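To start, the structure itself, in structure tokens.
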Amino acid sequence: MSEFSSQNLADQTALKLRRCILRGDIKPGDPIKERDTAIVMGVSRTPMREAIRMLSKEGLIELRPSRSPVVAELNITSATEQAAVLIALENLSVELACENATEKDLEDMQQIVENMDANFYQFDPLDMFEIDMSFHTAIAKASHNSALAKTHQAFQQRLWHARYLAARERRNRDRVVSQHNSILEGLKMRDKRAACSAVGAHLAQLAEDIRQQITNQNARKGT
């Protein structure tokens, strides 16, 4: 198998495993046995091992010496601190995207919002959440600052679990589509103030939503 196809298989395995964790099929604290999980997913241990390593970098999996890795527990302090950084990165992303976004960048973001609007309740909540996150990734890429885009991706990935729990509980197409359209309009006008204001409104409840979801999850576990 070529290096490319091997890496591609690891990426696909990571995607499947990530979705299992986000959906709650594998819960925080549950062990992930490399051989058994690889068999269930129909892959060899090599891509499974790489997938586990990738998700550990995202904070979804906790590696343990000489023991099976486990799904990471959500931590309120860590998540809210990361949320504060992510919000700052989102603001910087829209500021730079106002300066640097190409027409193609803006068209791609428009298509994402239209997809959200047309299919919000037809798509599975996790599918829609991933589309939502792709919009924010597109903004960071439209900054045309590779260091910013890479850092944004890292923080976004580390908050996916908590953000998905919050998004699943607060599904509202009109609110979500309207907020994303407001961000996009600011970008189209190259208006930094309007774009940052729209991002601020969109993410205003992020830290509190994350805190509430982690609190709820801990309460269900009796912690």
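The values are calculated or read from the model by the stated rules, or taken from the named source; none is laboratory data. The shown structure was predicted, so the numbers you read here are calculated from the model rather than taken from an experiment. Because the Cβ atoms are built from the backbone with ideal geometry, glycine has one as well, and the counts that use them run over all protein chains shown. Ligands, DNA and RNA are stripped out before the accessible areas are found, and what is left, the full protein with its side chains, is counted by its heavy atoms. Shrake-Rupley method; radii C 1.70, N 1.55, O 1.52, S 1.80 Å.
Testing residue 160 on (1) under 17 Å from the mean Cα position of the chain (by Cα); (2) farther than 22 Å from residue 18 by Cα, one condition comes back false. Which one is that?
Failed condition: (2).
Listed residues 126, 106; which is in contact (Cβ under 8 Å) with a residue 40 or more places away in the chain, within 26 Å of residue 12 (Cα to Cα), of a type in the set (A, V, I, L, M) and out of contact with any His (no Cβ under 9 Å at 6 or more places or on another chain)?
The conditions single out 126.
Kindly evaluate residue 94 against the criterion of being closer than 27 Å to residue 162 by Cβ, of a type in the set (Val, Ile, Thr), touching a helix residue (DSSP H, G or I) at 6+ places or on another chain (Cβ under 7 Å) and open to solvent by less than 60 Å² (accessible area, probe 1.4 Å).
yes
I'd like the full set of residues that are surrounded by fewer than 16 Cβ atoms within 10 Å (Cβ to Cβ) and touching a residue at least 24 places away in the same chain (Cβ under 8 Å), limited to the stretch 23-33.
23, 27, 29, 30, 31, 33
Quick one: which residue in 190, 170 is at positive phi and open to solvent by 40 Å² or more (accessible area, probe 1.4 Å)?
190
Please determine whether any residue of the stretch 38-50 is small (Gly, Ala, Ser), assigned to a helix (DSSP H, G or I), open to solvent by less than 20 Å² (accessible area, probe 1.4 Å) and more than 26 Å from residue 17 (Cα to Cα).
no
So which of 162, 147, 195, 138 is at pLDDT below 95, part of a helix (DSSP H, G or I) and of a type outside the set (D, E, K, R)?
When all the criteria are applied, what remains is 162.
Before we move on, is residue 163 among the basic types (Lys, Arg) and open to solvent by less than 70 Å² (accessible area, probe 1.4 Å)?
yes
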